[in-house]
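Take a look at the structure set out below.
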């Protein structure tokens, strides 16, 4: 259960009904999600080891594991993982992806908000591109309750930022303005340096349950053919939530632009952020 914060459709923080509805779109095509979504940079896992103490044998609770983009690398590092995923199709693909790994990993199909915590607390709670889908009245308190004193809450967010094929991401706004009326006119990508910190950090501070949050940032450029880029867009909740005719029109418009002006390939820059907060 994960999403990327994309340049073209920036939803305001959803109310409960909208948040739940959008979060459920990922499970509609778990195989596409697994194929199209990139994982996370190796440096992020190195920083999890350094700042969160993630090491072989660590008991890790993952919130919203999706199809296992972060679960598999953590399992390969020898962590003992309980991965909670609300989408049954996503959870099934995650189990398949983890089947070859000998580390102790359990994928639980459940909503984190309603899942009963086990008696034994965890060393680390990880949520990669999923924490913003969890009920904000529950997520910080329940994460703290799941942790040992001194244990770490590790939240990862991915956001599309300026860079890569910059001219394309300016030109493509005309497609969004035509097919998605919620698109602000003239919307432009932020530079990575202008992106504010992780949304949950203020919640962490208000909770009184955690110490200061350590932040790390990573920028990454990934290149896509036209079909690969359309597949990526089809995994984003905002695109999936559009009416079918509008979504198809939008994707056709984007494909024509990439093929006609950008020789069938574009490069997208992402900012990946990690926040590590230790339970008091």
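Nothing in this text is a laboratory measurement; each read-out follows from the coordinates by a stated rule. Source: prediction; values computed, not measured. Cβ sites come from the backbone with ideal geometry, for glycine too, and all protein chains shown count toward neighbours.
With the contact rule set at Cα under 8 Å and sequence spacing of 6 or more, what percent relative contact order holds for segment 174-280?
Values: 104 pairs, mean separation 47.8, N = 107.
This gives 45 percent for segment 174-280.
Could you grab the relative contact order for the chain? Cα pairs under 8 Å, six or more apart, rounded to a whole percent.
Values: 521 pairs, mean separation 67.9, N = 280.
It rounds to 24 percent for the chain.
Using a Gaussian network for the chain with springs between C-alpha atoms less than 10 Å apart, which of these wobbles most: 170, 254, 140?
In this elastic network of the chain, the residue with the biggest mean-square fluctuation among 170, 254, 140 is 170.
Out of 150, 260, 68, any idea which swings most in a Gaussian network model of the chain, alpha carbons joined below 10 Å?
260
Evaluate 2.2 N^0.38 Å with N set to the residue count of the chain, then give the Cα radius of gyration divided by it.
Rounded to two decimals, the normalised Rg is 1.00.
Pick from 23, 58, 129 the residue whose mean-square fluctuation is largest in a GNM of the chain, springs joining Cα atoms under 10 Å.
Taking springs between Cα atoms under 10 Å, the residue moving most is 58.
Please give the helix 42-52 orientation as an angle from the longest Cα principal axis of the chain, in degrees from 0 to 90, rounded to the nearest 10.
The angle comes out at about 30 degrees.
Can you give the FRET efficiency for residue 234 and residue 256, using 1/(1 + (r/R0)^6), R0 = 22 Å, r = Cβ-Cβ distance, to the nearest 0.05?
0.85
As a check on your grasp of the helix formula, calculate [θ] at 222 nm for the chain: sum -39500 (n - 2.57) over DSSP H runs of n ≥ 4, divide by the residue count, round to the nearest 500.
Details: 12 runs with 101 residues, N = 280.
Value at 222 nm, helices only, nearest 500: -10000 deg cm²/dmol.
Over segment 1-154, calculate the relative contact order: mean separation of alpha carbon pairs under 8 Å at least 6 apart, over the residue count, as a percent.
Values: 254 pairs, mean separation 40.2, N = 154.
Worked out over segment 1-154, it gives 26 percent.
Relative to the longest principal axis of the C-alpha atoms of the chain, give the angle of the C-alpha long axis of helix 244-261, reported between 0 and 90° and rounded to the nearest 10°.
The angle comes out at about 70 degrees.
If you take every DSSP beta bridge whose two residues both sit in the chain, what share of them, in percent to the nearest 5, is antiparallel?
About 55 percent, rounded to the nearest 5.
Starting from the Kirkwood radius over alpha-carbon pairs of segment 127-224, derive D by Stokes-Einstein at 20 °C in a medium of 1.002 mPa s and give it in µm² s⁻¹.
132
Quote the FRET efficiency, to the nearest 0.05, computed for residue 103 versus residue 191 with a Förster distance R0 of 45 Å and r equal to the Cβ-Cβ distance.
About 0.70, to the nearest 0.05.
Any idea what angle helix 88-98 forms with the longest principal axis of the chain, computed on alpha-carbon atoms, 0 to 90 degrees, nearest 10?
70
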